[in-house]
Amino acid sequence: MAPASGGATLAVDDTLQARHLPTSTMDHRTKEEQVADFLREGIISGAYPRGSRLKQAELAEQLNLSITPVREALKLLEAEGYVSRDSYRGARVVPFDPDASGEILQLRLLLEAQLVRGAIEKITAQDIEELQALEAQFDRAFATGDRAAARGINYRLHRRLYDIAAMPHTLHFVQILWARYPFDVINAADGRGERAAEEHRAILDAIVARDIPAAILAMHRHIESGWNVLRAETA
């Protein structure tokens with residue numbers, strides 16, 4: 001379905017700014033990249049379950065877009081490993097591969113440490129305010145029992161932090177790793193929200209202090225804590 005004509009049309013950047021990332025992080029992105037990030041968040045948060053089908057026409061209607069940017073976004077996600085596509089069944093969210101998660105953990109620890117370092121070296125007072133606002137949103141979502149919203153905010157918090165680093169190649173590889181990591185399983189576990197909130201505060205406290213070693217250690221503990229939840233959930 002094509003966008004409706006007239007003032008009622010809501011462009012994808014308006015939709016994503018209202019529901020997802022702050023305006024400042026979206027200005028430089030194409031429509032395809034904005035849609036891809038919308039879908040990444042949905043997959044990582046569990047809004048689009050693993051194995052589920054992503055229908056281009058439905059997504060285009062939801063975002064008031066033509067098919068073209070949705071199709072191109074799905075191509076990006078296929079290259080990163082979030083979805084698989086074929087000419088008959090369309091796009092589907094890739095299932096979780098438990099055999100790969102240990103290797104992915106080690107790569108995440110390595111690469112995300114570099115993004116934390118890069119972010120602290122470039123972070124501004126406005127960036128800190130945006131991160132603290134996302135942390136507060138995360139806390140409120142869990143306090144009110146809205147786990148689905150909290151999972152989406154968790155993605156936006158990490159993505160916003162790593163955007164600050166301005167290390168696009170490193171972030172690209174991290175996003176590929178995220179595609180293969182079962183955040184949906186981890187974040188749905190009982191008690192994970194409260195622990196994650198405490199871990200986020202430790203990370204942000206170190207960032208505000210511009211203490212790079214402490215921030216990297218806090219991020220490592222955050223990632224490893226999720227890994228321990230995954231092992232318990234899949235034992």
> Got a number for residues in segment 217-235 being surrounded by fewer than 20 Cβ atoms within 10 Å (Cβ to Cβ), of a type in the set (A, V, I, L, M) and within 13 Å of residue 115 (Cβ to Cβ)?
Replying inline: 1
>> Out of the residues in segment 136-189 meeting the condition of being of a type in the set (D, E, K, R) and touching a residue at least 60 places away in the same chain (Cβ under 8 Å), tell me which one is nearest to residue 46 (Cα to Cα).
In response: 184
>> So, in segment 165-189, how many residues would count as being among the polar types (S, T, N, Q) and modelled with pLDDT of 90 or more?
In response: 2
> Regarding residue 184, is this residue within 27 Å of residue 76 (Cβ to Cβ), assigned to a helix (DSSP H, G or I) and of a type outside the set (Gly, Ala, Ser)?
Replying inline: yes
> Looking at this structure, is residue 63 hydrophobic (A, V, I, L, M, F, W, C), within 15 Å of residue 92 (Cβ to Cβ) and without any contact (Cβ under 8 Å) to a residue 60 or more places away in the chain?
Replying inline: no
>> Restricting to segment 31-49, name every residue that is surrounded by fewer than 16 Cβ atoms within 10 Å (Cβ to Cβ) and touching a Pro at 6+ places or on another chain (Cβ under 8 Å).
In response: none
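The values are calculated or read from the model by the stated rules, or taken from the named source; none is laboratory data. Remember, predicted model here, so these are calculated numbers, not experimental data. Cβ coordinates were reconstructed from backbone atoms using ideal geometry, including for glycine residues, and neighbour counts include every protein chain displayed.
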